[in-house]
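A.B. asks: Would you mind keeping the following structure in view while I ask a few things?
Read-outs throughout are calculated quantities, based only on the coordinates presented, and are distinct from any laboratory measurement. These figures come from a predicted structure and were not determined experimentally. Glycine also receives a Cβ, built like all others from the backbone with ideal geometry; neighbour counts cover every protein chain displayed.
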Amino acid sequence: MKNKLVIASALSFGITLANPVFANNDQTLLKSFHDYGISQCDSFILENSKLESNWNFFINKHAGGIDGPSTEVTITQIFGSKGDTVKTEDTYIQTAKKCFLRQTWTLTFPGSCSENIDGNSWYVSTKMPNKDYTTYTNAGGMELHAKEISMGNFKACVQEGSKRISSSHG
């Protein structure tokens, strides 16, 4: 599977980390979050945003944030290898009481969407004939937005999804 990378963030600032030499990926990841002020969500971060093999990640702290004493940090992770790359974006918000995560992903598969979306797991929930996307839903209520693109005789299916979860500090 392939992902198209488009990162635009005019309201954030960040640093880039690309396979640095550290003893432990978990320590590298947590140190980055701690440097940006998220220090009470370690187990939640490691459960949901583990660094995968052959990774690059980009981490940004959002200036201004949201109302109240909270910190918002986004990590964009690109992992895998050419022809089998995944892009995820995880936004963590640490408030006085909880940790929140909004996770999004983009996958691009060669071939049509009908060839790449399992009809046994996903059903069309919203057809949009005047738009480029179709929305699918699975039995758990998760939505997937898919768009088929063509270049010459090459077709690809771009799939996007998201979820939001929370946890107590820890």
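A.B. asks: Structure shown: which of Lys61/Lys163; Lys98/Lys127; Lys98/Lys131; Lys31/Lys155; Lys50/Lys127; Lys61/Lys127 lie over 30 Å apart, alpha-carbon to alpha-carbon?
C.D. replies: Going by Cα-Cα distance, Lys98/Lys127; Lys98/Lys131; Lys31/Lys155; Lys50/Lys127; Lys61/Lys127 fall outside the 30 Å limit.
A.B. asks: Please compute the net charge surrounding Lys131, taking Lys and Arg as +1 and Asp and Glu as -1 over other residues with Cβ under 14 Å from its Cβ.
C.D. replies: Value of the local net charge: -1.
A.B. asks: Where nothing but the Cβ of Lys and Arg (+1) and of Asp and Glu (-1) is charged, how large is the charge dipole of segment 92-170 around its Cα centre, in debye to the nearest 20?
C.D. replies: The calculation lands at about 460 debye.
A.B. asks: Taking the convex hull of the Cα atoms, report for segment 34-131 its projected area averaged over all directions, in nm².
C.D. replies: Over all viewing directions, segment 34-131 projects a mean Cα-hull area of 9.5 nm².
A.B. asks: When the Karplus curve 6.51 cos²θ - 1.76 cosθ + 1.60 is applied with θ = phi - 60°, which whole-Hz ³J(HN,Hα) does each residue of segment 90-95 get, with x for Gly and Pro?
C.D. replies: Once rounded to whole Hz, the list reads 10, 10, 9, 10, 9, 9.
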